[in-house]
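**Q** Below is one structure. I have some questions about it.
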Amino acid sequence: QVQLVESGGGLVQPGGSLRLSCAASGTILSIYAVGWYRQAPGTQREWIARITSSGQTNYADSVQGRFTISRDNAKNTVYLQMNSLKPEDTAVYYCNKLVAGTAYAYGSWGQGTQVTVSS
């Protein structure tokens with residue numbers, strides 16, 4: 001089974017930055033497309049970013065221009081650099097494997113990492 005562990009969340013003021021990590025065990029992560037998702041209280045989980053096995057990226061409109069997804073295959077890790085954070089970015093952030101060519105997750109969901117943007 002592929003295990004993905006999210007980390008890097010925390011409390012940040014509006015306009016600040018955080019970098020989240022999605023570290024894999026049990027597989028070579030580079031062979032998968034990987035997505036980042038978030039879920040705020042009272043909402044459904046929202047897809048926000050995707051990176052393919054070849055490094056192509058896609059973003060939801062809500063984070064376009066502010067967030068950057070990347071991967072370091074040598075470290076078996078996918079990252080989400082979050083800049084210009086807003087209070088509405090507050091959520092639990094998750095990563096997961098994606099069905100090829102889609103933004104649909106098919107792996108199990110981990111605990112996620114909490115991001116809180118507040119002054």
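The values are calculated or read from the model by the stated rules, or taken from the named source; none is laboratory data. Bear in mind the structure is a predicted one, so any value in this text is a computation, not a measurement. Positions of Cβ are generated from backbone atoms using ideal geometry, with glycine treated the same way; all protein chains shown enter the neighbour counts. Heads up: the accessible areas ignore ligands, DNA and RNA and are worked out on the full protein's heavy atoms, side chains in. Shrake-Rupley method; radii C 1.70, N 1.55, O 1.52, S 1.80 Å.
**Q** At 1.4 Å probe size, with no ligands or nucleic acids counted, give the accessible surface of residue 25 in Å², nearest ten.
**A** Only protein atoms counted, so the area is about 60 Å².
**Q** While we're on this one: Quick one: if you take sqrt(5λ) for each eigenvalue of the C-alpha gyration tensor of the chain, what semi-axes come out, biggest first, whole angstrom? Intermediate values should be presented prior to the final figure.
**A** Working: eigenvalues 99, 39, 37 Å².
Result for the chain: semi-axes of 22, 14, 14 Å.
**Q** Using the basic label-point model (7 angstrom from Cα toward the beta carbon), what is the residue 44 to residue 104 distance in nanometres?
**A** The modelled label-to-label distance comes out at 1.3 nm.
**Q** Moving to a separate point now. Taking 22 Å as R0, compute the FRET efficiency from the Cβ-Cβ separation of residue 52 and residue 11 and round it to 0.05. Each step should come with its number before you reach the end.
**A** Working: r = 32 Å, r/R0 = 1.45.
In this case the efficiency is close to 0.10.
**Q** Quick one: net charge of residue 40's neighbours, Cβ under 11 Å, K/R +1, D/E -1?
**A** Numbers: positive: 38, 45; negative: 46, 88, 89.
Its environment carries a net charge of -1.
**Q** So for segment 50-119, what are the equivalent ellipsoid semi-axes in whole Å, largest first, each being the square root of 5 times an eigenvalue of the Cα gyration tensor? Could the numbers behind the result be given before it?
**A** Numbers: eigenvalues 92, 42, 32 Å².
Each semi-axis is √(5λ); the values are 21, 14, 13 Å.
**Q** Please give the per residue accessible area of the chain, computed with a probe of 1.4 Å over protein heavy atoms only, in Å².
**A** Values: 6150 Å² over 119 residues.
Result: 52 Å² of accessible area for each residue.
**Q** Kirkwood hydrodynamic radius for segment 74-113: how many Å is it when counted over pairs of different Cα atoms? Let's see the in-between values first.
**A** Numbers: mean 1/r = 0.0806 Å⁻¹.
Taking the inverse mean of 1/r over all distinct Cα pairs, segment 74-113 comes out at 12.4 Å.
**Q** At 0.36 nm per residue, and after removing the present C-alpha to C-alpha distance, how many nm does the segment from residue 116 to residue 70 gain when stretched out fully? Write down the numbers at each step before the final one.
**A** Details: separation 46, 0.36 × 46 = 16.56 nm, distance 2.17 nm.
Full-extension gain reported as 14.4 nm.
**Q** How far apart, in nm, are two points set 7 Å out from the Cα along the Cα-to-Cβ line at residue 31 and at residue 62?
**A** Taking the two extended label points, one gets 3.3 nm.
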